[in-house]
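*Asks:* Can you read through this structure? Questions will come right after.
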Amino acid sequence: ALAAAASAAAVAAAGLEAALTGVDGWLGDELRRAWPRYGGRLAGVLREAAGSRAPTAVELGGVVVPVGVAACADDPVHPLAIARTWVDALPRGALRTTTLAALGADPESLGRAALAAYAEASGMALPG
């Protein structure tokens, strides 16, 4: 929420390109690809994201289907501790991790981590 709010303020004050100054590597590439699609709505969308509330432990406790959660262990914007809290609250949850560097080198690594977590949560064995 803090990152989204700061990004919204930067976009509103200085524009998209200025807000992305210093954001390099795969994250910069991804934001430069995705954010322009919002046009003049970007700051508002980011403010809305900043105001969104996360599910509570009680709400997560009511999820009866298997849930795989994937997280980057070194992501300060989406903390691993929150992913662990969510998995602990889910009746049938499992967690797998990767890193931002791995995600940058292999964009599919996060998806594979999520699939492996889902397989564990559902009691399935993945091939290979």
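The values are calculated or read from the model by the stated rules, or taken from the named source; none is laboratory data. If you're wondering where the values come from, they're calculated on a predicted model, not measured in any experiment. Cβ sites come from the backbone with ideal geometry, for glycine too, and all protein chains shown count toward neighbours. Just the protein is used for accessible areas: all its heavy atoms, side chains included, with ligands, DNA and RNA removed. Shrake-Rupley method; radii C 1.70, N 1.55, O 1.52, S 1.80 Å.
*Asks:* Only one of these conditions is not met by Ala4: (1) of a type outside the set (Asp, Glu); (2) without any contact (Cβ under 8 Å) to a residue 40 or more places away in the chain; (3) part of a helix (DSSP H, G or I); (4) open to solvent by less than 80 Å² (accessible area, probe 1.4 Å). Which number is it?
*Replies:* Just one mismatch for Ala4, condition (2).
*Asks:* Considering only segment 42-99, state which residues are of a type in the set (Val, Ile, Thr), outside any strand (DSSP E or B) and either in contact with a Ser or Thr (Cβ under 6 Å, 6 or more places away or on another chain) or farther than 21 Å from Leu115 by Cβ (or both). Break it down stepwise before answering.
*Replies:* Looking only at segment 42-99, we keep the residues that are of a type in the set (Val, Ile, Thr), and these are 45, 56, 58, 63-65, 67, 69, 77, 82, 85, 87, 97-99.
Now narrow it down to the ones that are outside any strand (DSSP E or B): 45, 56, 58, 63-65, 77, 82, 85, 87, 99.
Correct list: Val45, Thr56, Val58, Val77, Thr85.
*Asks:* Here is a further query. Identify the residue in segment 14-60 that is open to solvent by less than 60 Å² (accessible area, probe 1.4 Å) and within 30 Å of Ala125 (Cβ to Cβ) and, among all such residues, is nearest to the chain's Cα centre (by Cα).
*Replies:* Across segment 14-60, the extreme among qualifying residues is Pro55.
Yes/no per residue for (1) at pLDDT below 95; (2) open to solvent by 50 Å² or more (accessible area, probe 1.4 Å); (3) not basic (Lys, Arg):
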position: Gly62; (1), (2), (3): no, yes, yes
position: Pro79; (1), (2), (3): yes, yes, yes
position: Ala94; (1), (2), (3): no, no, yes
position: Gly104; (1), (2), (3): yes, no, yes
position: Pro107; (1), (2), (3): yes, yes, yes
position: Tyr118; (1), (2), (3): no, yes, yes
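*Asks:* Which residues, taken from segment 1-60, are among the polar types (S, T, N, Q) and within 30 Å of Arg84 (Cβ to Cβ)?
*Replies:* Filtering segment 1-60 for residues among the polar types (S, T, N, Q) gives 7, 21, 52, 56.
Listed by number, the residues that qualify are Ser7, Ser52, Thr56.
*Asks:* Identify all residues within segment 7-26 that are over 26 Å from Pro55 (Cα atoms) and assigned to a helix (DSSP H, G or I); write none if there are none. If you could, list the steps in order and put the result at the bottom.
*Replies:* Taking segment 7-26 first, the residues over 26 Å from Pro55 (Cα atoms) are 10-26.
Listed by number, the residues that qualify are Ala10, Val11, Ala12, Ala13, Ala14, Leu16, Glu17, Ala18, Ala19, Gly25, Trp26.
*Asks:* If I filter segment 26-36 for residues that are among the charged types (D, E, K, R) and in contact (Cβ under 8 Å) with a residue 12 or more places away in the chain, do I get at least one hit?
*Replies:* From segment 26-36, those among the charged types (D, E, K, R) are 29-30, 32-33; that's our starting set.
Within this subset, residues satisfying the condition of being in contact (Cβ under 8 Å) with a residue 12 or more places away in the chain are 32.
Scanning segment 26-36 turns up at least one residue that is among the charged types (D, E, K, R) and in contact (Cβ under 8 Å) with a residue 12 or more places away in the chain.
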